[in-house]
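Peer 1: First the structure, then my questions, so here it is.
The values are calculated or read from the model by the stated rules, or taken from the named source; none is laboratory data. Not measured: the values here are computed from a predicted model. So basically every Cβ, Gly included, is an ideal-geometry build from the backbone, and we count neighbours across all protein chains shown. Protein only, heavy atoms only, side chains kept; ligands, DNA and RNA dropped before computing areas. Shrake-Rupley method; radii C 1.70, N 1.55, O 1.52, S 1.80 Å.
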Amino acid sequence: MISNLNDVKVAIIGLGYVGLPLAVEFGKKYQTLGFDINKSRITELQQGTDSTLEVSDEELAATTNLSYSCEVADLESANVYIVTVPTPIDEHKQPDLTPLIKASEMLGKVVSKGDIIIYESTVYPGATEEACIPVVERVSGLVYNQDFFAGYSPERINPGDKEHRVTNILKVTSGSTPEIATVVDNLYRSIIIAGTHKASSIKVAEAAKVIENTQRDVNIALINELSIIFNKLNIDTLEVLEAAGTKWNFLPFRPGLVGGHCIGVDPYYLTHKAQSVGYHPEMILAGRRLNDGMGAYVVSQLVKHMLHKRIQVEGSNVLIMGLTFKENCPDLRNTKIVDIVSELKEYNINVDITDPWCSSEQAEHEYNLSLTDQPKVNHYDAVILAVSHNEFKAMGVDNIRALGKANHVLYDLKYVLPKESVDMRL
């Protein structure tokens, strides 16, 4: 068992939006290996560049104790393994633990007596010890909590957020024994400026993470439903929310598309576990259904407005401004803009997409979509301002309007432009 933090050698498994910032911070204090199965990702990091833009070239260059590898054998020198691989859902909206299971199988080949495996990936309560640890035991031949130990410390990374970074977001920690919980807590506390909260068990820490985004999802679903109601009543939703927001305890949520790697995914992990123990969640699944249907709702509203302005829908040209799941960030994971694209194509509408934050190669690889670098002026029957990138804000309403024909619809999903300058707001 690790008794002194000076003996710690860290390996981070998965170098995406979560793993790389964590590896950089650990690399400032400990000998750290960043591991990823994606060879091109390792190559770019070795060359000092992060394509996710979470870590600057200067930060990478300054982290002298951090090395990178895609070779499993290089992991054997570590004694603390931190797993930050994706936990997606499948086409049936069920948890897909494949990346976690594969990471656990790999760690089973390299883990030694006294080592600690810490999971950060979002899971349902119980997944670490019910699904992951048995795999490590089977492959390694070691006994859990006798030969090796585990911890769980849920990630709280917010992609693209340069204010809330890994070190100034309070970290929840836990361990498989009281002693290991203390070691894990002390380890994270040594790099997390904001401090830590030591949970009483791994299950508590897992549950805490999965409800963080479930709570946000349900709240956004409520605001989305209110938006639909206010639209039918011809009331501007933002004006209502701003008025209600003058009360000190009104929560400042806004309507919108719920995508990304967390909010639109995590609730399904919790509902899966709830159903496995005989409880059918009502509110959580209702919120998911409503949020998942917002892409179709946006298109139905757009089409109605186009018809109202006597614009031919079939064969029309529509520009979508933004493809990433959030503003000022290249992250395309689970973006709900693709739902809008699919719905528009059902009407035989020609769709162009422009986004200065993501590459055409990424869009093609992830969603088989092509990006338009330079949208044509006076070309579009409708323009959907879908993501509030700074570049779009800087364009202003006149330059955005110039992309449309003399008679077109401008639909602002993100309240970027003044109410009086657009045709529609969500």
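Peer 1: Being among the aliphatic types (A, V, I, L, M) and without any contact (Cβ under 8 Å) to a residue 40 or more places away in the chain: is that true of Leu226 here?
Peer 2: Details: among the aliphatic types (A, V, I, L, M): yes; without any contact (Cβ under 8 Å) to a residue 40 or more places away in the chain: yes.
When the stated conditions are applied, Leu226 passes them.
Peer 1: As an exercise: evaluate Val172 against (1) under 17 Å from Thr128 (Cα atoms); (2) assigned to a helix (DSSP H, G or I) and give the number of the one condition it does not meet.
Peer 2: That leaves (2) as the condition not met.
Peer 1: Another question about this same structure. Just checking, how many residues over the stretch 156-175 are open to solvent by less than 50 Å² (accessible area, probe 1.4 Å) and under 27 Å from Asn390 (Cα atoms)? Spell out the reasoning first.
Peer 2: Filtering the stretch 156-175 down to residues open to solvent by less than 50 Å² (accessible area, probe 1.4 Å) leaves 157, 159-161, 166-167, 169, 171-175.
Those still in the list that are under 27 Å from Asn390 (Cα atoms) too: 157, 159-161, 166-167, 169.
Of the residues in that region, 7 qualify.
Peer 1: If you don't mind, there's one more thing I want to ask. Condition check: in a loop (DSSP other than H, G, I, E, B), among the β-branched types (Val, Ile, Thr) and either under 29 Å from Arg288 (Cα atoms) or in contact with a strand residue (DSSP E or B) (Cβ under 7 Å, 6 or more places away or on another chain) (or both). Does Thr87 satisfy that?
Peer 2: Details: in a loop (DSSP other than H, G, I, E, B): yes; among the β-branched types (Val, Ile, Thr): yes; either under 29 Å from Arg288 (Cα atoms) or in contact with a strand residue (DSSP E or B) (Cβ under 7 Å, 6 or more places away or on another chain) (or both): yes.
Judged against the criteria, Thr87 is a match.
Peer 1: If a residue has to be crowded, with 16+ Cβ neighbours inside 10 Å, modelled with pLDDT of 95 or more and in a helix (DSSP H, G or I) to count, how many in the stretch 340-368 make the cut?
Peer 2: 4
Peer 1: Here is a further query. Kindly establish whether Arg288 is among the charged types (D, E, K, R) and either free of Cβ contacts under 8 Å to residues at least 12 places away in the same chain or surrounded by fewer than 20 Cβ atoms within 10 Å (Cβ to Cβ) (or both).
Peer 2: On the way: among the charged types (D, E, K, R): yes; either free of Cβ contacts under 8 Å to residues at least 12 places away in the same chain or surrounded by fewer than 20 Cβ atoms within 10 Å (Cβ to Cβ) (or both): no.
For Arg288, the condition - among the charged types (D, E, K, R) and either free of Cβ contacts under 8 Å to residues at least 12 places away in the same chain or surrounded by fewer than 20 Cβ atoms within 10 Å (Cβ to Cβ) (or both) - is not met.
Peer 1: Conditions: (1) of a type outside the set (Lys, Arg); (2) open to solvent by 20 Å² or more (accessible area, probe 1.4 Å); (3) closer than 30 Å to Asp50 by Cβ; (4) part of a helix (DSSP H, G or I). Pro375 meets all but one. Number of the miss?
Peer 2: The number of the failed condition is (4).
Peer 1: Okay, next question. Would you pick out the residues in the stretch 29-43 that are assigned to a helix (DSSP H, G or I) and either surrounded by 15 or more Cβ atoms within 10 Å (Cβ to Cβ) or touching a residue at least 40 places away in the same chain (Cβ under 8 Å) (or both)?
Peer 2: Within the stretch 29-43, Arg41, Ile42 qualify.
Peer 1: Oh, and also: Being among the aliphatic types (A, V, I, L, M) and either more than 24 Å from Cys358 (Cβ to Cβ) or open to solvent by 10 Å² or more (accessible area, probe 1.4 Å) (or both) is the filter here, so list the residues in the stretch 387-416 that pass it. So that I can check it myself, show each step before the final result.
Peer 2: Step one: list which residues in the stretch 387-416 are among the aliphatic types (A, V, I, L, M), which gives 387, 394-395, 397, 400, 402-403, 406, 409-410, 413, 416.
Matches in the stretch 387-416: Ala394, Met395, Val397, Ala402, Leu403, Ala406, Val409, Val416.
Peer 1: Find all pairs meeting these conditions: Cβ atoms under 9 angstrom apart; at least six residues apart or on different chains; first residue within the stretch 246-268 and without any contact (Cβ under 8 Å) to a residue 40 or more places away in the chain; second residue in a loop (DSSP other than H, G, I, E, B).
Peer 2: Leu251/Gly245; Pro252/Gly245
Peer 1: Please find, within the stretch 130-141, the residue that is nearest to Pro99 (Cα to Cα) out of those that are buried (at least 19 other Cβ atoms within 10 Å of the Cβ) and not hydroxyl-bearing (Ser, Thr, Tyr). Let's see the steps before the verdict.
Peer 2: We begin by selecting, within the stretch 130-141, every residue buried (at least 19 other Cβ atoms within 10 Å of the Cβ); these are 132-133, 135-136, 140.
So of that shortlist, the ones also not hydroxyl-bearing (Ser, Thr, Tyr) come out as 132-133, 135-136.
Numbers: Cys132: 10, Ile133: 14, Val135: 13, Val136: 14 Å.
The extreme case among them is Cys132.
Peer 1: Condition first: surrounded by fewer than 17 Cβ atoms within 10 Å (Cβ to Cβ), assigned to a helix (DSSP H, G or I) and modelled with pLDDT of 95 or more. Can you find one or more residues in the stretch 263-271 that meet it? Break it down into steps so the answer makes sense when it comes.
Peer 2: So in the stretch 263-271, the residues surrounded by fewer than 17 Cβ atoms within 10 Å (Cβ to Cβ) come out as none.
Scanning the stretch 263-271, I find no residue that is surrounded by fewer than 17 Cβ atoms within 10 Å (Cβ to Cβ), assigned to a helix (DSSP H, G or I) and modelled with pLDDT of 95 or more, so the answer is no.
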